[in-house]
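Here's the structure, in structure tokens; my notes come after.
The values are calculated or read from the model by the stated rules, or taken from the named source; none is laboratory data. From a predicted model like this one, the values you see are computed outputs, not experimental measurements. Positions of Cβ are backbone-derived with ideal geometry, glycine not excepted, and every protein chain shown enters the neighbour counts.
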Amino acid sequence: MTLLVVIIILALLFDYINGFHDAANSIATIVSTKVLTPFQAVLWAALFNFVAFFIFKDHGVANTIAKTVKESYITLQVVLAGLSAAIIWNLITWWFGIPSSSSHTLIGGFTGAAIAHAGFYAVNAAPVLQIVAFIFLAPLVGMIMAFIISLWFIHSFQKSIWPKLFSIAIIVITIVTLSQIMEFDPAKLKSHYDGYIMKVIFHSHNFKLVLLACIIFIMCIFTLYLSKLNAHRSTVWFKRLQLVSSAAFSIGHGGNDAQKVMGIITVALISHGSIQSFDEMPFWVPIACYTAIALGTLSGGWKIVKTMGSRITKVTPFEGVAAETAGAITLFVTEHLKIPVSTTHTIAGAIMGVGATKRLSAVRWGVTVNLLWAWIITIPISALMAAIIYWLSHFFF
């Protein structure tokens, strides 16, 4: 029982470190554009990290993390070694200001410890390969989406008719999609069924998709009026809109990253025999994980803010909205598909995308290449460290 308690404490500590390690992902653009002060930005991001608890209810990402190692080979020593390695690597990269992925650190540590325990057969290849693939796909998707959104804003401001038609088409598609997602029944509405609307909107399966659709809807409405604004007024509105896009990205960050620790704690409880299956995850696990990551974000991650906010490319309020919106959409969609992705990779790719709309040379590709190398080595280094810690643990357990 003592070892289980230690693991839970370490898991929540990792979640806290994840918060301040990845705080820059949520606040870098909104700080660099001076929409909020650093202190205001971390408060804003931490609040919406925790709000994610009320939005992401199916815990699909947590389940995927739990399945990266075959259940029969999961022991408390494996979980302990994986967490210890993840914490050490996270602190090293935070100290040197390297925006590596906390998610991949945890996955590398967990699988590395399992391999040390029972060999490569202990690892479930399918979810691990999926996660590895999204090391490259997440930033690519974020970059492409940010590039498209940036061009959409630019041409809307230039009073072109095509962006307006595109916005109207997206609004129609969003309304139709919302009616399908919410399983809306006009007959029930006409009968004034008590609480029907709230029940439909806050259905645990639907609410995150409804929220995502609303964000897209807001962006479309905004682009319809963008051509009527001068440069000064458009900047003012983009600063206001960046509060929305930053909040959306922080929700995606909290919903994606807190679930990974939820998955680790749950497999530890299963290994200990406290519960029998993932579906029996205690209510306190998600509450504790979302609280820990929010508190971590509140602590800030100032060493990494500079890299994410200014060293990749110079970011304006307009570009901040585009990058954060692209990042939020990517995180919401991948979470819905139960795919664990790195928020670090996603927002970095989105920032590259907005930079590339100006000219390719606007992106500091040297910095980008260094980030890419940090991303690639994170899983193998974390796995190796976890294996060493697992072997050393035999002297104590």
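Each row is one residue, and each column tells you yes or no for (1) charged (D, E, K, R); (2) under 30 Å from residue 318 (Cβ atoms); (3) surrounded by 17 or more Cβ atoms within 10 Å (Cβ to Cβ).
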| position | (1), (2), (3) |
| --- | --- |
| 19 | no, yes, yes |
| 28 | no, yes, yes |
| 35 | no, yes, yes |
| 40 | no, yes, no |
| 43 | no, yes, no |
| 63 | no, no, yes |
| 68 | no, no, yes |
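If I filter segment 113-120 for residues that are surrounded by 24 or more Cβ atoms within 10 Å (Cβ to Cβ), more than 21 Å from the chain's Cα centre (by Cα) and at pLDDT 90 or above, do I get at least one hit? Give the steps one after another, and end with the answer.
Within segment 113-120, the first condition is being surrounded by 24 or more Cβ atoms within 10 Å (Cβ to Cβ), and the residues that meet it are 113-114.
Still in the running and more than 21 Å from the chain's Cα centre (by Cα): 113-114.
Next, from what is left, pick out any that are at pLDDT 90 or above: 113-114.
Checking segment 113-120: at least one residue is surrounded by 24 or more Cβ atoms within 10 Å (Cβ to Cβ), more than 21 Å from the chain's Cα centre (by Cα) and at pLDDT 90 or above.
What is the one condition in (1) surrounded by fewer than 24 Cβ atoms within 10 Å (Cβ to Cβ); (2) touching a helix residue (DSSP H, G or I) at 6+ places or on another chain (Cβ under 8 Å); (3) not in a helix (DSSP H, G or I) that residue 58 does not satisfy?
Just one mismatch for residue 58, condition (2).
Given the conditions (1) over 21 Å from residue 19 (Cα atoms); (2) surrounded by fewer than 24 Cβ atoms within 10 Å (Cβ to Cβ); (3) among the β-branched types (Val, Ile, Thr); (4) at pLDDT 85 or above, report the number of the one that residue 363 does not fulfil.
The number of the failed condition is (4).
Going by the structure shown, is residue 79 at pLDDT 85 or above, in contact with a Pro (Cβ under 6 Å, 6 or more places away or on another chain) and surrounded by 24 or more Cβ atoms within 10 Å (Cβ to Cβ)? Steps first, please.
Details: at pLDDT 85 or above: yes; in contact with a Pro (Cβ under 6 Å, 6 or more places away or on another chain): no; surrounded by 24 or more Cβ atoms within 10 Å (Cβ to Cβ): yes.
Spelling it out, it is not the case that residue 79 is at pLDDT 85 or above, in contact with a Pro (Cβ under 6 Å, 6 or more places away or on another chain) and surrounded by 24 or more Cβ atoms within 10 Å (Cβ to Cβ).
Enumerate the pairs (first residue in segment 47-59 and over 14 Å from residue 245 (Cα atoms) and charged (D, E, K, R); second residue anywhere and in a helix (DSSP H, G or I) and at pLDDT 90 or above) with beta-carbon separation below 9 Å, excluding pairs fewer than 6 apart on the same chain, so at least 6 apart or on different chains.
Partner pairs satisfying both residue conditions: 57/286.
Suppose we filter 118, 85, 114 for residues that are over 21 Å from residue 331 (Cβ atoms), touching a strand residue (DSSP E or B) at 6+ places or on another chain (Cβ under 6 Å) and touching a residue at least 12 places away in the same chain (Cβ under 8 Å); which single one remains?
Working: 118 fails: touching a strand residue (DSSP E or B) at 6+ places or on another chain (Cβ under 6 Å); 85 fails: touching a strand residue (DSSP E or B) at 6+ places or on another chain (Cβ under 6 Å).
From the options 118, 85, 114, the qualifying one is 114.
For residue 98, all conditions in the list (1) touching a residue at least 60 places away in the same chain (Cβ under 8 Å); (2) more than 15 Å from residue 253 (Cβ to Cβ); (3) assigned to a helix (DSSP H, G or I) hold save one; what is the number of the exception?
All conditions pass for residue 98, except number (3).
Checking residue 11 against (1) within 24 Å of residue 338 (Cβ to Cβ); (2) among the small types (Gly, Ala, Ser); (3) crowded, with 20+ Cβ neighbours inside 10 Å; (4) within 17 Å of the chain's Cα centre (by Cα), only one condition comes out false. Which one?
(4)
Looking at (1) in a helix (DSSP H, G or I); (2) closer than 20 Å to residue 344 by Cα, find the lone condition where residue 79 falls short.
Only one criterion is unmet by residue 79, namely (2).
So residue 389 clears everything in (1) farther than 26 Å from residue 64 by Cβ; (2) surrounded by fewer than 24 Cβ atoms within 10 Å (Cβ to Cβ); (3) touching a helix residue (DSSP H, G or I) at 6+ places or on another chain (Cβ under 6 Å); (4) at pLDDT 80 or above except one condition, right? Which one?
Only one criterion is unmet by residue 389, namely (1).
Restricted to segment 213-234, and to residues that are among the polar types (S, T, N, Q) and surrounded by 15 or more Cβ atoms within 10 Å (Cβ to Cβ), which residue is nearest to residue 285 (Cα to Cα)? Give the derivation first.
Initial filter on segment 213-234 (among the polar types (S, T, N, Q)): 223, 227, 230, 234.
Right, trim to surrounded by 15 or more Cβ atoms within 10 Å (Cβ to Cβ) and you get 223, 227, 234.
Working: 223: 41, 227: 48, 234: 43 Å.
The extreme case among them is 223.
Restricting attention to segment 241-285, and to residues there that are among the polar types (S, T, N, Q) and touching a Leu at 6+ places or on another chain (Cβ under 6 Å), which single residue is nearest to residue 338 (Cα to Cα)? Full working, then the answer.
Filtering segment 241-285 for residues among the polar types (S, T, N, Q) gives 242, 245-246, 250, 256, 259, 266, 271, 274, 276-277.
From the residues that got through so far, the ones that are touching a Leu at 6+ places or on another chain (Cβ under 6 Å) too are 256, 271.
Values: 256: 9, 271: 23 Å.
Out of the qualifying residues, it is 256.
Report, by residue number, each residue of segment 138-183 that is aromatic (Phe, Trp, Tyr), at pLDDT 80 or above and in contact with a Leu (Cβ under 9 Å, 6 or more places away or on another chain).
Kept after step one, since they are aromatic (Phe, Trp, Tyr), are these residues of segment 138-183: 147, 152-153, 157, 162, 166.
Narrowing the set further to residues that are at pLDDT 80 or above leaves 147, 152-153, 162, 166.
Within segment 138-183, just 153 meets the criteria.
Among the residues of segment 27-40 satisfying the criterion of being in a helix (DSSP H, G or I) and in contact with a Gly (Cβ under 9 Å, 6 or more places away or on another chain), which is modelled with the lowest pLDDT? I'd like the intermediate steps shown before the answer.
Of segment 27-40, the ones in a helix (DSSP H, G or I) are 27-32, 38-40.
Next, only the ones that are in contact with a Gly (Cβ under 9 Å, 6 or more places away or on another chain) stay: 27-32, 38-39.
On the way: 27: 74, 28: 70, 29: 73, 30: 79, 31: 76, 32: 74, 38: 76, 39: 77.
In this case the residue turns out to be 28.
What pairs can you find where one residue is in segment 212-233 and free of Cβ contacts under 8 Å to residues at least 60 places away in the same chain, the other is among the hydroxyl-bearing types (Ser, Thr, Tyr), and their Cβ atoms are less than 7 Å apart, with a gap of 6+ or different chains?
As it stands, the answer is 213/174; 213/177; 217/174; 220/167, since those pairs meet every condition given.
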